[in-house]
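This structure is in structure tokens; I'll ask about it shortly.
The values are calculated or read from the model by the stated rules, or taken from the named source; none is laboratory data. Since we're looking at a predicted model, the values are computed, not measured. Backbone-built Cβ (ideal geometry, glycine too); neighbour counts: all protein chains shown. Note: areas computed on protein heavy atoms with side chains; ligands, DNA, RNA excluded. Shrake-Rupley method; radii C 1.70, N 1.55, O 1.52, S 1.80 Å.
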Amino acid sequence: MTSDPFCTLGRALWICGGQWAGKSTVSRLLAHRHGITVYHYDFHDARAHQDRRIAHRVLKGLPAADPDPETVWVDTTPERMAADTIADFPLRFA
């Protein structure tokens, strides 16, 4: 069971989509209109995220370089991508 001490996860609205699709703009407009909080994932994720990923790979004895784009985006499955993303959250949000 996921811990949610403030009972907010069930009421969160997640807006996702491709780059430049307008997610941040829509989020800001909705938040302003309805007086709610908007959390910009990209802002949080971008702060030293790549440095932490490289350090984590090196500590695990893996190559420091990112995997090639084909491996990450083409030679995988949606299930594998979802599992990798969920497994990576504790590192990204340490």
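With (1) on the phi > 0 side of the Ramachandran plot; (2) open to solvent by 60 Å² or more (accessible area, probe 1.4 Å) as the list, and residue 74 as the residue in question, which single condition is left unmet?
(1)
For (1) of a type in the set (Val, Ile, Thr); (2) without any contact (Cβ under 8 Å) to a residue 60 or more places away in the chain; (3) assigned to a helix (DSSP H, G or I), each residue gets a yes or a no:
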{"position": "29", "(1), (2), (3)": "no, yes, yes"}
{"position": "33", "(1), (2), (3)": "no, yes, yes"}
{"position": "37", "(1), (2), (3)": "yes, yes, no"}
{"position": "50", "(1), (2), (3)": "no, yes, yes"}
{"position": "54", "(1), (2), (3)": "yes, yes, yes"}
{"position": "57", "(1), (2), (3)": "no, yes, yes"}
{"position": "62", "(1), (2), (3)": "no, yes, no"}
{"position": "72", "(1), (2), (3)": "yes, yes, yes"}
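Can you work out which of the residues in region 28-77 that are closer than 18 Å to residue 16 by Cβ, out of contact with any Phe, Trp or Tyr (no Cβ under 9 Å at 6 or more places or on another chain) and among the charged types (D, E, K, R) is modelled with the highest pLDDT?
Top of the filtered list is 28.
Does residue 80 count as modelled with pLDDT of 85 or more, among the basic types (Lys, Arg) and over 18 Å from the mean Cα position of the chain (by Cα)? Spell out how you get there, then give the answer.
Working: modelled with pLDDT of 85 or more: yes; among the basic types (Lys, Arg): yes; over 18 Å from the mean Cα position of the chain (by Cα): no.
Here the answer is no, as residue 80 does not meet what is asked.
Additional query: Listed residues 55, 64, 82, 48; which is open to solvent by less than 60 Å² (accessible area, probe 1.4 Å), of a type outside the set (Asp, Glu) and closer than 20 Å to residue 13 by Cβ?
Only one candidate passes the filter, namely 82.
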